[in-house]
1. Could you go through the stretch B:63-69 in sequence order and give the Karplus-derived ³J(HN,Hα) for each residue, using 6.51 cos²θ - 1.76 cosθ + 1.60 with θ = phi - 60°, rounded to whole Hz, and x for Gly and Pro?
2. Calculate I(q)/I(0) for chain B by the Debye formula, one identical point scatterer on each C-alpha and no solvent, and give its log10 at q = 0.21 Å⁻¹ to two decimals.
3. Assign unit charges at the C-beta atoms only (+1 for Lys and Arg, -1 for Asp and Glu), then state the dipole size of the protein assembly as shown relative to its Cα centre in Debye, rounded to the nearest 20.
4. Report, to one decimal in Å, the Kirkwood hydrodynamic radius for the stretch A:14-56 based on all distinct Cα pairs.
5. Rg(Cα) of the protein assembly as shown divided by 2.2 N^0.38 Å?
6. Any idea what log10 I(q)/I(0) is at q = 0.19, 0.23, 0.24 Å⁻¹ for the stretch B:29-72, Debye with uniform C-alpha scatterers and no solvent?
7. Dipole of chain A, Cα-centred, from +1 at each Lys and Arg C-beta and -1 at each Asp and Glu C-beta, to the nearest 20 debye?
8. Provide the per-residue ³J(HN,Hα) series for the stretch B:48-61, in order, calculated from phi with Karplus coefficients 6.51, -1.76, 1.60 and θ = phi - 60°, each as a whole number of Hz, with x at glycine and proline positions.
Amino acid sequence: QQQVKQSPQSLIVQKGGISIINCAYENTAFDYFPWYQQFPGKGPALLIAIRPDVSEKKEGRFTISFNKSAKQFSLHIMDSQPGDSATYFCAAGKSGTASKLTFGTGTRLQVTL
Amino acid sequence: DSGVTQTPKHLITATGQRVTLRCSPRSGDLSVYWYQQSLDQGLQFLIQYYNGEERAKGNILERFSAQQFPDLHSELNLSSLELGDSALYFCASSVVPDTDTQYFGPGTRLTVL
């Protein structure tokens with residue numbers, strides 16, 4: 001049972017444009033929502049994360065928007081650059097004694113010149 | 001560089017064989033997670049250890065087992081290998097197991113022929 005649905009599967013954005021990736025979750029107990037960036041041949045690296053007590057978190061060109069009632073969260077990459085070309089994974093986790101992350105299926109982003 | 005090390009980087013073996021993947025967490029991290037990444041399944045959580053004890057189990061097959069040693073390094077043992085076990089295996093670590101930031105290693109690419 002897939003608990004985190006991610007879209008789109010792939011995305012092509014021109015340099016300077018805005019990249020938007022969406023995720024939806026089912027488990028209302030989730031209270032930690034990170035985004036990971038993965039370059040080919042590398043492990044995923046934490047990009048930015050949010051908890052449900054805020055609706056938006058911004059770090060540089062990267063912003064997470066969170067909608068608790070809709071059980072959705074999204075990643076916005078402003079002024080997208082070719083160096084942002086990577087696969088992005090959203091994930092969700094639950095505070096508690098045994099946490100594990102449930103990942104979305106990933107979005108392959110290509111930023112063209 | 002996340003500080004998590006994994007060996008070997010690549011592993012090629014035959015069906016029916018057994019292999020051991022090794023992970024050293026970041027200095028100070030007590031919790032270790034194992035994930036499997038395949039093309040059709042995305043990132044799947046396998047198992048988590050915290051300070052030597054099994055903490056959580058995910059979609060880990062009975063043919064797979066893991067352990068965390070007193071020096072906190074971890075090993076993932078895969079036995080009776082099948083073609084479908086070919087995947088990238090990532091180890092991640094965190095300071096504590098409660099939805100703390102997970103830092104991923106570079107992964108081990110396993111190819112079963």
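1. Here the 3J(HN,Hα) series is 6, 9, 8, 8, 7, 10, 8 Hz.
2. -1.11
3. Using Cβ point charges on Lys, Arg, Asp and Glu, the protein assembly as shown gives about 380 debye.
4. In the stretch A:14-56 this quantity evaluates to 12.8 Å.
5. Relative to the 2.2 N^0.38 Å estimate, the protein assembly as shown comes out at 1.01.
6. Values, matching the q order: -0.58, -0.77, -0.82.
7. 140 debye
8. In residue order, the calculated couplings are 10, 10, 9, 6, x, 10, 5, 10, 7, 10, x, 7, 9, 6 Hz.
Read the figures in this text as sums done on the coordinates, not as results from a lab. For clarity, every value in this text was computed on a predicted model and none was experimentally measured. Neighbour counts run over all protein chains shown; Cβ positions are idealised from the backbone, glycine included.
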